[in-house]
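Remarks on the structure that follows.
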Amino acid sequence: MQSFSHTLHQIYARFLPEPNMETLFWLSVTLAVFALGVRLQIRLDRAPWANPVLFAIAFVALGLLVTETPYATYFQSVKIINFLLGPATVALAIPLADSIRLVTRSLPAMTLALLAGSITSVVSGVLLVLLLGGSHDVALSMAPKAVTTPIAIAITTQIGGIPALTAAFAILGGIIAAMIGETTLRRLGITDWRAHGLAAGIAGSGIAAAQVAQRDPVGAAFAALGIGLNGLVTAIIVPLILYFLPG
């Protein structure tokens, strides 16, 4: 127990080195608004459009605008939340381990879907930016948009894109996937939770993956695998497109 407490203290000191009223205020506001968004979505019968992440982003952005608080100040306050993105993504490996035999049997079909989804996402994102007259840097930032945010930022940093822009693309894409993914698949007659989970993972949406995990453990396993493998495939594909981009 003492070792665990010491570890927590080190994490706190690393990400909140000088806690003050402003630091604690924005951290508390972020957590409280997200919790309020979750309760609101539950009251609305878990409507996909009532996404708590979107609700929290809109509320916090409005608060920063009204108070004229610099984003750098806000980010310093919530660095520990940003840090927890990594462990939260890794935690998806738990349902994957529980359903490993089922995942193994579905591997051939899943590989084809993964490759198709990853390649389509990268190529379509880059071509869209170039066709609209966007810059080379924006195209590179757009390429890993369908990967979960921590991996997308790491890829962009390595290829020379703009990490902040990539994070915005990834978060927006994740929210959209969570809002319309399940509804779209059901309208297409797709009810298998394996397909729902894999689609959420290939879309790089941790939010959608979390929604699937709440509904079905097998879907959670496929979402976890989709997120991990999509990150790996995208990390390989994105540098290759550098040879074909103008400039």
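The values are calculated or read from the model by the stated rules, or taken from the named source; none is laboratory data. For clarity, every value in this text was computed on a predicted model and none was experimentally measured. In this analysis, Cβ positions are derived from the backbone assuming ideal geometry, glycine residues included, and neighbour counts consider all displayed protein chains. What goes into the accessible areas is simple: the full protein's heavy atoms, side chains included, and nothing from ligands, DNA or RNA. Shrake-Rupley method; radii C 1.70, N 1.55, O 1.52, S 1.80 Å.
The mean sequence distance of close C-alpha pairs (under 8 Å, at least 6 residues apart), as a share of the length of region 1-244, puts its relative contact order at 18 percent. At full extension, residue 102 and residue 49 could sit 15.9 nm farther apart than now, given 0.36 nm per residue minus the alpha carbon distance.
Between residue 40 and residue 93, the modelled labels are 3.6 nm apart [label points 7 Å from Cα along Cα→Cβ].
If exposed means no more than 12 neighbouring beta carbons inside 10 Å and the site is in a DSSP loop, what's the longest run of the chain without any exposed chymotrypsin sites (Phe, Trp or Tyr not before Pro)?
Values: sites that count: 49, 243, 244.
The reported range is 50-242.
Surface exposure of the chain, expressed per residue as accessible area with a 1.4 Å probe, stands at 57 Å².
Solvent-accessible area assigned to carbon and sulfur over the chain amounts to 71 percent, based on a 1.4 Å probe. Accessible-area rank, largest first, for 28, 77, 106: 28, 106, 77, with all protein chains present and a 1.4 angstrom probe. Annotation: extensible slack from residue 131 through residue 24 equals 34.1 nm (criterion: 0.36 nm per residue apart, minus Cα-Cα distance).
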